[in-house]
Every structure is written in structure tokens, then in C-alpha cells.
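Comments concern the structure below.
Values quoted throughout were computed directly from the atomic coordinates according to the rules given, and no laboratory measurement underlies them. Only a predicted model underlies this, so the values are computations on that prediction, with no experimental measurement involved. Cβ atoms come from the backbone with ideal geometry, glycine included; neighbour counts cover every protein chain shown.
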Amino acid sequence: MGYSFNISTFNNVLRELSADYIIYAPVKIFNKGVFSDTDLVTYGQIKTLEDIEFEEKSHFSSKEIFFPITQTLFYFTEDAFSLPKISPKKIIIFCRPCDANGIQRLDQIFLKNGDLMDNYYNELRKKVHLFVLECKYSFDTCFCVSMGANKVDRYSAFIRRAGDTVLCDVSVDFEDRFSKYGTYVNMTPVFIESNDIKVDIPEKIPKSIFYHKLWDEYSERCIACGRCNVVCPTCSCFTMQDIFYEDNPYCGERRRVWASCMIDGFTDMAGGNSFRKNKGERMRFRLLHKIHDFKQKFGSNHHMCVGCGRCSDVCPENISFTACIQKLNQAVQSSDQRGLKS
Amino acid sequence: MNNPYLPVKAKIINVKPQTEIDYTFRLETAIKVASGQFFEVSIPNVGEAPISVSDFGDDWIEMTIRNVGKLTNVIHKLKPGSHLFIRGPYGNGFPIQQMSDKDLIIAVGGTGLAPVKSILSQYCKKTIHLKSLTLLTGFKSPADILFREEIEEWRKEFCVELTVDKDDTKNWTGNIGLITGLISKVSISDITNTQVITVGPPIMMKFSVIEFLNRKIAKENIWVSFERKMCCGIGKCGHCKIDNTYICLDGPVFNYYVAQNLID
Amino acid sequence: MLDINNKKLIKNGYRITNKRQITALRIRVPGGSLDVKYFDIIKDIAQKYGNGKVHITTRQGFEIPGIPMAKISEINEIIHPILIGMESEIGVSIHNPKTGYPAAGTRNISACIGNNVCPFANYNTTELSKKIEKLIYPHDFHVKIALTGCPNDCIKAHMQDIGVIGMVLPMYDSNRCIGCQACVKNCQKVATGALTIVNYKVKRDHLRCIGCGECILKCPVLAWTRGEKYYRMVVMGRTGKKNPRIAQTFMEWVDETAILKVIENLYHYIDQFIDRSLPKEHVGYIVDRTGIQVFKDYVLKDVYIGSLSKIANYMSFSGYGHEKSNYF
Ligand SMILES: Cc1cc2nc3c(=O)[nH]c(=O)nc-3n(C[C@H](O)[C@H](O)[C@H](O)COP(=O)(O)OP(=O)(O)OC[C@H]3O[C@@H](n4cnc5c(N)ncnc54)[C@H](O)[C@@H]3O)c2cc1C
Ligand code: SF4
Ligand code: SF4
Ligand code: SF4
Ligand code: SF4
Ligand code: SF4
Ligand code: FES
């Protein structure tokens with residue numbers, strides 16, 4: 001059902017929702033950019049429409065809202081475990097289609113990989129309602145269309161801002177809240193239909209490509225910083241940490257924190273064994289996870305990567321993820337096997 | 001809701017040093033396991049690690065743990081009566097039930113003996129059936145030999161060949177040399193009906209498999225057990241992933257036909 | 001031959017050169033950053049009055065050589081937009097912008113490119129240069145000031161009477177930290193080793209930290225972010241014949257107001273203690289004479305010292321002399 005608002009009527013909706021929901025959206029935080037006197041666009045809590053950053057892509061995805069960077073799994077005292085309490089409030093996330101699709105990829109890992117469901121993820125995840133923001137234009141590194149992640153069919157609301165007017169397509173669960181302040185209109189969501197960047201993803205990737213020289217340059221270029229993983233809406237890896245409290249070493253907690261397959265130590269085992277020591281191999285591993293392994297594993301019709309372009313946006317070494325996909329595609333397509341190392 | 005990360009407390013009922021750095025811990029628990037599966041074992045405050053089940057009975061499991069780091073250090077200080085925290089079992093074990101009419105050759109290096117030990121003891125207890133069983137086992141030196149007493153028992157029931165890489169003690173009378181030497185000599189009577197299990201350090205497994213392939217054992221008849229970093233054991237943390245395979249879910253035991261394509 | 005008052009000529013921003021009656025004009029460029037429209041003026045003067053060349057000075061000004069002294073007043077009229085644009089408009093009071101520069105003692109404030117461009121810089125050096133220029137120019141006292149965005153000190157603030165080095169207070173959000181140690185290893189390698197890992201999270205030793213902001217730059221998850229801007233002031237560095245030496249830290253973790261106030265106070269101190277029997281006295285030698293304590297008393301007058309701020313109790317200026325028999 002479509003509704004139209006002006007800024008203040010829309011803010012009325014937000015105000016009412018905030019009684020039951022914590023509301024997140026891309027926001028611009030003054031002077032919190034990495035570089036001095038620059039701003040950071042990232043997900044943060046909002047109160048009003050004006051708090052939402054509509055023009056810029058957020059640096060991080062929204063995943064940290066329901067997959068916290070550091071998450072306590074349980075506390076322990078000498079003899080007992082106790083679970084952390086979570087806020088009874090539900091969650092609304094204003095996000096673009098790529099991030100909305102990214103959440104489904106995470107669902108696949110946390111809820112459907114293996115027989116056991118990740119209850120910590122599930123508990124937060126089931127609170128999340130998505131208000132999808134319409135993309136008016138695609139940013140220069142976006143390739144969501146190539147990844148089939150430009151569209152979302154399930155959302156609680158779809159939001160278009162046009163100047164001082166806000167148009168929403170609302171699902172039944174939110175109908176009362178929206179109808180109270182809005183006027184009924186016809187509204188059809190519009191999605192980006194093409195990006196400047198298009199990639200062709202090879203359907204079949206032969207194992208021989210593992211030994212292709214195309215990865216070599218990344219051993220020289222990549223500094224294994226892991227930025228590409230932490231900004232990715234679909235990277236789900238984590239590491240366990242047990243910590244004891246300094247004032248009482250018998251009490252502590254077990255936590256998980258995000259992990260990155262690009263950073264040293266990801267595969268380290270006791271006794272000094274580790275895998276993918278050079279960065280070219282890590283690049284291959286990450287890239288193939290995003291555009292091959294996931295789809296292969298789950299037999300789904302989409303890849304893990306949603307084409308948000310963030311990994312290219314943040315790489316300090318200017319490594320373009322899409323350029324690497326193209327190189328891979330060329331290598332796979334070409335019958336010329338000279339690139340293969342023996 | 002079910003919380004797969006919450007471990008349960010398990011009482012240590014026996015601790016048996018095997019070598020200076022490998023101790024076997026017997027835990028009281030009724031959890032049912034299969035040979036080749038593993039648990040996530042932890043001491044809250046210290047850490048958690050995947051550890052294979054080395055043996056099990058109706059109300060106990062045994063784990064043979066090498067002291068190599070933060071957690072295993074602390075575990076080694078534990079005495080009977082104290083507790084470990086475990087969750088599991090995880091992973092797929094060895095398909096022993098399907099081997100009842102086969103000749104099974106097990107080739108293991110070092111601590112690789114632990115995950116297969118339960119097969120050997122069950123065979124002795126006749127709770128599993130095989131046409132024949134041969135154990136080829138290699139250790140770094142005589143001091144590193146695990147399950148000495150058990151090995152003597154096993155010798156009575158099936159063929160056991162043991163070798164050490166080197167001996168500084170000068171009073172070692174057994175085989176000296178790499179396990180691949182044993183593999184090249186082991187008698188294989190019915191090649192199509194022979195199954196092989198090999199477990200050990202990556203290098204040892206690699207060369208053992210090559211040797212078995214030389215002996216014309218088909219890839220489909222070779223089983224290996226992988227060790228990778230694991231933080232969850234349940235397909236979430238991503239550390240154990242190789243291509244589209246999660247070692248914790250799809251392994252740690254793999255048929256070599258599959259394993260040959262697992263490239264880190 | 002023209003009758004020239006050397007002192008007046010120098011004060012007007014011109015130079016006595018190795019050719020009689022030929023001078024060189026020095027253009028101030030506070031902070032080393034200027035609108036290219038001024039290039040036209042500089043170019044015209046060089047082509048019309050000079051020898052067609054321009055020298056870029058170490059202090060980031062321009063020096064236009066080969067100018068006949070007779071043309072000075074004509075040239076002063078031509079450079080008047082430069083004085084308006086680069087001095088008056090930033091708040092420097094110039095009585096008559098058509099008569100050229102009113103003073104040359106206090107040198108051009110040089111600055112590295114700062115956070116307008118450089119990722120390491122912790123503040124806008126261009127903007128701060130303007131604020132300082134407004135405070136200290138025109139003045140005859142021989143003072144050299146340079147601003148640098150971070151402790152890399154690309155502008156060589158350590159060779160100045162006053163060097164201002166940008167600092168930032170790194171703010172740590174332990175919940176964001178993934179324990180990758182990038183910040184820890186990097187601080188150890190390129191800065192001071194102020195960071196350690198305790199219980200999988202990072203601890204910062206504030207005493208070791210130099211506020212360079214490297215940890216913020218290295219953190220992939222923005223567990224480190226920028227807190228308040230701060231500054232470190234190094235003082236009494238100098239080149240010269242007698243006793244070249246590198247500047248020493250006088251204060252750190254101070255804010256911009258404190259920096260401006262100390263610089264302002266410095267001029268009162270010089271005024272009080274300069275040896276007027278000399279044609280000019282460089283401030284460093286005055287400090288050598290009065291001792292650091294008197295210097296401190298003067299420059300810290302009415303300076304707001306924040307809770308983080310530290311003022312040096314002791315500074316060791318040795319530099320080097322020329323007791324050559326010791327070396328050769
Ligand atoms: C399926 C499987 C079965 C195993 N079975 C046994 C066994 O039966 N007996 C035995 O002694 N060891 C076994 N290991 C190895 C054992 O997990 C490591 O020795 C153990 O993690 C070391 O932990 P630590 O804290 O003492 O060492 P540290 O070096 O201090 O390790 C710190 C952390 O690194 C990680 N880590 C290090 N090595 C490994 C590793 N090999 N695998 C996974 N994570 C690792 C863990 O997260 C650990 O908490 C097995 C490993 C796997 C994957
Ligand atoms: S791999 Fe890169 S482009 Fe794809 S979803 Fe992740 S961050 Fe976005
Ligand atoms: S790319 Fe790396 S960090 Fe991201 S989900 Fe895959 S394995 Fe994990
Ligand atoms: S962001 Fe760039 S440099 Fe950093 S790990 Fe990823 S590819 Fe390598
Ligand atoms: S600001 Fe510089 S010195 Fe201080 S902790 Fe960070 S990297 Fe180290
Ligand atoms: S760089 Fe960031 S994430 Fe890594 S250890 Fe430092 S603060 Fe933590
Ligand atoms: S151990 Fe975590 S995914 Fe396999």
C-alpha cells in the first residue's frame with residue numbers, strides 16, 4: 001500500500017515507531033572520518049528523516065546491528081554460565097537494496113549452514129524489519145545489477161524521498177502506523193536497472209585457475225588489512241575469545257568477534273601450521289567465496305556478493321574487486337592456458 | 001532456544017599421560033559419538049579448541065590432548081575430579097559400518113593415532129566388524145609413542161606395524177624410518193576390497209596417500225581426516241572453509257576422492 | 001646612484017644582493033598555499049622588472065631577483081592585490097597596502113600541505129597559518145614559525161623557533177576492535193610502541209603516545225577514531241653559524257588557543273629581553289641568555305592548560321658547536 005508524507009508527517013511515523021523499535025539508517029557523523037576533518041557515513045540510530053543520509057553510500061554495511069563486531073556469547077562465574085540480556089525492542093533498518101540482500105546471505109550462513117542454527121544471530125535477526133531506501137542513482141563502484149541484488153521483493157517498507165516528499169510502499173504489518181499520518185497514493189518501487197560497472201561471472205571455475213598467475217599481483221599489492229571483509233555486508237566470519245576480568249580472573253566471558261580471511265592468523269593452528277600464506281591466495285579465496293563457493297555450496301540462484309562495491313571503495317591499495325573478477329573471467333574464458341603456472 | 005555454543009560440564013575421571021606432552025583425559029558423559037568426530041573443548045576464561053574423540057564407551061569419552069598452547073597448557077594441569085566443558089560431537093566420523101566385509105589399513109602419524117583409536121579398541125571388543133585390520137603407525141621417536149599398553153593389546157588381535165622417524169636412545173629395536181616405508185611393504189591381499197584410513201600431520205598424510213595410490217588403492221577407498229583452524233564447529237565461523245566445503249560440517253573425515261580437490 | 005636606506009629596504013621585503021642597486025623582492029605566502037591568480041602578478045614582475053626568474057624560498061615564499069632598486073615603489077603598487085588578498089583579507093592589518101610589505105623580521109609562516117590533502121595530517125595547516133599570521137605580522141622581530149600536520153614533520157618544524165605539530169587524541173571503542181593488531185604492530189614500527197594487546201583488546205599508554213593518529217589510519221573497523229585535535233609545540237630549533245640545533249618539545253596535548261597565546265606571548269618576551277645594541281637578535285639566543293625558566297614564565301602567561309596538556313620541565317638544547325678538534 002502506498003502512502004505519501006511530508007517530512008513532518010513522516011517524522012510522526014518515526015516517533016511512534018521509536019516506542020517499539022530502535023531505528024537505524026545511514027547517517028553522516030561529523031569529523032569521524034578516518035582522515036582529519038572528514039565525515040563518516042555509517043549506520044547509526046536516527047530519530048528523524050533529516051538524520052538519514054540519502055546521498056552517500058555508507059562505509060560499513062548494516063550487519064553490525066544484528067551481527068555485532070564483538071558479541072558476548074555468555075558470561076561465566078566459577079560455576080555458572082549466564083547469557084547476555086538483549087533489548088526487548090525490535091529493530092528497523094533503513095537500507096539500500098544491496099544491504100537488504102546482503103542480510104539474506106548472512107541468514108544462509110547463520111541459520112541454514114549445517115543443522116544447527118546460530119541462536120545469537122537469530123535472536124537479533126528476527127527483530128529486524130527492513131525499510132528499503134530507493135537508490136536514485138548508482139554509485140561509481142556499484143555492480144548490484146550484475147549480482148542480481150538490485151531488487152528486493154520482501155520488505156516492511158520501501159522509501160522514496162523526493163525533496164520534501166516521502167513516498168512509501170508499506171507492508172501490512174506497518175500499515176496502521178503509516179496510514180495514520182500519510183495520505184494514500186499509488187507507489188511502485190523503482191530499482192536501479194544498470195550500473196556503470198558490469199561484471200561477468202564465470203559459471204564454471206576450473207581448479208586450474210587456482211594456479212593461474214592472475215593472483216600473483218595481489219601478493220604484491222594487498223597488505224592484508226581486512227578492510228574489504230569488515231565492510232562487506234556478506235562476510236560472516238568470526239573468532240572466539242575467552243576473556244577473564246582483571247579484577248576477578250575466575251569470572252569472564254566468551255565472546256566472538258569478526259574475523260577476516262585476508263588478515264594474518266585466520267588459518268593459524270597450534271604448532272605453526274597455516275594456509276594461504278601469500279595474499280594472492282587470500283584474494284583468490286575471498287573472491288571465489290563471494291562469486292563461486294557460496295552459490296555452489298547452497299545451490300542457490302545467487303552469489304554471496306551483492307555488488308555493493310564497498311570492498312573496492314575502502315581498499316587502501318586501490319584494489320578493485322570488480323577488476324579482479326574481470327581478470328578471472330578472462331582467464332577462465334580464454335582457452336589460452338599460458339597463464340597457468342606449472 | 002537451543003544454544004549450540006553453550007558447553008556442558010564434563011567431569012574428568014581419569015588422566016593418563018602418554019608422553020610428556022600428550023595426555024589422555026577420560027570424561028564422564030553419556031553423549032554418543034562416532035569414531036572420527038570431535039568436540040569443542042573449553043575451559044571458560046582460557047579458550048576453546050576442537051579435539052577429537054580418541055575413544056568412548058557407554059558413559060565416557062576419551063580425548064588425547066597435546067600440550068601446544070594456551071588452552072591445552074591449562075588442560076594439562078587438570079586432575080581427575082575437575083571439569084572440562086564440551087560441546088559436540090561435531091563432524092562426520094569414519095564410515096566404519098560400511099567396512100564390515102573389507103580389509104582396513106589404518107596409517108597414522110603421531111597424534112593422528114588418537115582419532116582412530118576408538119576403531120581399534122572397538123575392533124578388539126568386537127563391537128565393529130571388519131574382514132581384517134592392519135595398523136601402521138609412525139612416531140617421531142620412541143619417546144613420542146602413544147597408547148603403549150593398548151598397542152601391546154592390539155598386537156594380539158591384529159597386525160600392528162610401528163616405526164619411529166629416528167631413535168636417539170640406542171635401545172630401540174623396532175622399525176626406524178618414515179611411515180611411507182611401512183605403506184610400501186604392507187601386504188594387500190584384495191585390492192578392490194581394501195579400505196585405507198590415514199590421519200596425521202598434513203605432510204605425512206600427503207605422502208601416505210601418494211604411497212597408497214602407488215600401491216594401486218583407488219582414491220575412493222582412501223579416507224583422510226583434516227585439521228583446520230576451527231572456532232565454532234558448526235559451520236558459522238568460516239575458519240575451516242575450503243572452497244565450498246566446511247571441514248567441521250562435511251569433514252573432518254573425507255573420502256580422498258573429495259579431499260584431493262580441497263585446495264586451501 | 002640612488003641613495004638607499006638599507007634598513008628600510010629590508011624591512012619593506014626587499015634584499016641587499018651581491019649586485020649594487022639590484023634587489024630581490026620576497027613575497028610572503030602564509031602557510032605556503034596561494035591562489036594561482038597571484039602567479040600572474042609574480043610572473044609580470046619577474047618578466048618586466050626582474051630577470052625573468054623566480055626563486056622558491058625554503059620558507060615557501062617567492063623571491064623575484066634582478067629588480068632595480070629604483071623600481072621598488074612601482075612594484076609595491078603592483079603587488080598590492082597580493083597584500084590585500086594574502087594579508088589584509090585574513091585579518092593582518094596593513095596600513096597602506098600600496099607601499100609594499102610593512103615588515104620582514106618575522107618570516108613567512110611555512111606549513112606542510114596539511115589535511116587539505118595529506119592523509120596523515122591531523123589538522124588544517126593552511127587555516128592555522130592564517131590565524132598565526134594575523135597574530136604576528138607585521139613584526140620586525142626575527143622569528144621563524146612552521147606548522148606541520150603530524151610528527152612526520154615534513155615542513156621541518158624542528159628547525160624553527162616555533163614548530164607546531166598536529167596531534168589527535170585517538171579514541172578507542174573496544175566493542176569495534178577485532179584484535180587484528182594492525183594498530184599495535186604499526187605503532188611499534190613507525191611510532192612509539194604505545195599500544196599493547198591485553199585480553200584481546202588494545203591498551204594505549206598515553207605517556208608514550210605522540211598523537212600521530214597512525215592507529216586511526218590503520219584500523220580496518222574504525223575502532224580507533226579521531227578525538228579532539230591537539231598540538232605539540234617544539235621550540236628553539238635553528239640553523240646558523242654559531243650553534244645549530246634541533247627544536248625540543250616545549251608542550252604537548254595543548255589546544256589551538258594555547259598555541260596562539262604562546263606565540264603571541266613570545267613577542268612580549270622578545271620585546272622585554274632582546275639586546276637592542278645588536279642590529280638584530282634571533283630569539284633562540286635570547287633564550288640562551290635568559291634561561292628557559294624566564295622564557296616559560298613569559299610565554300605561558302594566561303595560557304589555558306587543559307587537563308591533558310603537558311609542559312616540559314626540562315629541555316636539553318645542545319645542538320652542536322664547532323670545537324672541530326673534537327671531531328677531526
Ligand atoms: C578436527 C580437529 C581435531 C583435533 N583433534 C585433536 C586431538 O585429538 N588432540 C589434540 O591434541 N589436538 C587436536 N586438534 C588440534 C587442537 O585443536 C589444537 O592443538 C588446539 O586448538 C590448540 O589450542 P591451544 O589454545 O592450546 O593452542 P594455541 O596455539 O594457544 O591456540 C590458540 C587458538 O588458536 C586456535 N587453534 C590453534 N590450533 C588449532 C587447530 N589445530 N585447530 C583449530 N584451531 C586451532 C584455537 O582457536 C585456539 O584457541 C584437533 C584439531 C581439529 C581441527
Ligand atoms: S564482496 Fe565487495 S562488492 Fe561484494 S558484497 Fe562484499 S563488499 Fe560488496
Ligand atoms: S570472504 Fe573471508 S571473511 Fe568473508 S565470509 Fe568468506 S571466508 Fe569469511
Ligand atoms: S582492503 Fe585491499 S589491501 Fe586490505 S586486505 Fe582487502 S584487498 Fe588487501
Ligand atoms: S597516536 Fe600514534 S603514537 Fe599514539 S597510539 Fe596511535 S599510533 Fe601510537
Ligand atoms: S587495528 Fe583496530 S581492530 Fe585491529 S587491533 Fe587495532 S583497534 Fe583493534
Ligand atoms: S569451525 Fe566454524 S565454520 Fe567450521
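What you get for segment C:118-243, charging only the Cβ of Lys and Arg (+1) and of Asp and Glu (-1), is a dipole of about 260 debye around the Cα centre.
Around C:Pro102, under 10 Å between beta carbons, what's the net of Lys plus Arg minus Asp minus Glu among the other residues? For residues surrounding C:Pro102, the net value is -1. Each of C:Glu281, B:Glu62, C:Glu323, A:Glu317 has some number of other Cβ atoms within 10 Å of its Cβ, and from fewest to most they run C:Glu323, A:Glu317, C:Glu281, B:Glu62.
Calculation over all alpha carbon pairs of segment C:181-328 in 5 angstrom steps from 0 returns a P(r) of 2, 8, 15, 15, 14, 12, 11, 9, 7, 4, 2, 1, 0 percent. Across the options B:Leu146, B:Asn193, B:Thr163, the greatest Cα extent toward the positive end of the charge dipole of segment B:97-259 (unit charges at beta carbon of Lys, Arg, Asp, Glu) belongs to B:Asn193.
If the segment from A:Met1 to A:Ser208 were pulled out straight at 0.36 nm per residue, it would be longer than the present Cα-Cα gap by 69.4 nm. Take each residue of peptide A:237-248, count the partner chain Cβ atoms within 10 Å of its Cβ, and average: the result is 6. Panel order for C:Met233, C:Met69, by other beta carbons found within 10 Å of each beta carbon, from fewest to most: C:Met69, C:Met233. Annotation: amide H-H contacts under 5 Å for A:Ile92 (H modelled 1.01 Å from N, sequence separation of 5 or more, or interchain): A:Ile22, A:Ile23, A:Tyr24, A:His129. Taking Cα centre as origin and charging only the Cβ of basic (Lys, Arg, +1) and acidic (Asp, Glu, -1) residues, the dipole magnitude of the protein assembly as shown rounds to 2160 debye. Each residue of segment C:204-212 is assigned a 3J(HN,Hα), and the resulting list reads 10, 8, 4, 5, 7, 5, 10, x, 6 Hz, derived from the Karplus form 6.51 cos²θ - 1.76 cosθ + 1.60 (θ = phi - 60°), x at Gly and Pro. Other residues within the sphere of radius under 14 Å centred on the Cβ of C:Val303, judged by their own Cβ, net out at -2 (K and R +1, D and E -1). Per-residue Karplus couplings for segment B:64-72, computed as 6.51 cos²θ - 1.76 cosθ + 1.60 with θ equal to phi - 60°, are listed in order as 10, 10, 8, 7, 10, x, 3, 6, 5 Hz, Gly and Pro entered as x. Taking a sphere under 13 Å around the Cβ of C:Val235 and counting the other residues whose Cβ falls inside, with K and R at +1 and D and E at -1, yields a net charge of +2. Taking every alpha-carbon pair under 8 Å whose residues sit at least 6 apart, chain C reaches a relative contact order of 13 percent. A simple charge model with +1 on the Cβ of Lys and Arg, -1 on the Cβ of Asp and Glu and nothing else charged puts the dipole of segment B:1-132 at about 160 debye relative to its Cα centre. Spatial offset of segment B:129-177 relative to segment C:9-78 amounts to 92 Å, using the alpha carbon center of each. Within segment A:125-240, DSSP assigns beta bridges of which about 65% are antiparallel (rounded to the nearest 5).
The protein assembly as shown has equivalent-ellipsoid semi-axes of 67, 36, 27 Å, by the square roots of 5 times the alpha carbon gyration tensor eigenvalues, sorted largest first. Rg/Rh for segment C:6-99 stands at 0.93; both radii use Cα atoms, and Rh follows the Kirkwood definition. Percent of C-alpha pairs per 10 Å bin in chain C, short distances first: 5, 23, 28, 23, 13, 5, 1, 0, 0. With the convex hull drawn around the C-alpha atoms of chain B, the volume per residue stands at 133 Å³.
Neighbour counts of C-beta atoms inside 10 Å place B:Trp60, B:Trp154 in the sequence B:Trp60, B:Trp154, starting with the fewest. Its relative contact order, with pairs defined as Cα atoms under 8 Å and 6+ residues apart, puts segment C:6-99 at 25 percent.
For chain A, averaging the sequence separation of C-alpha pairs within contact (under 8 Å, six or more residues apart) and dividing by the residue count gives a relative contact order of 22 percent. Separation of segment B:18-82 from segment C:235-289 is 69 Å, based on Cα centroids. Among the GluC sites (Glu not before Pro) within segment A:189-234, those in coil by DSSP and having at most 13 neighbouring Cβ atoms inside 10 Å are A:Glu193, A:Glu203. Look at the dipole of the protein assembly as shown built from charges on Cβ: of B:Leu78, C:Val143, A:Phe35, the Cα furthest out on the positive end belongs to C:Val143. Projecting the Cα atoms of A:Phe266, C:Ala194, A:His292 onto the charge dipole of the protein assembly as shown, computed from C-beta unit charges around the Cα centre, puts C:Ala194 farthest toward the positive end.
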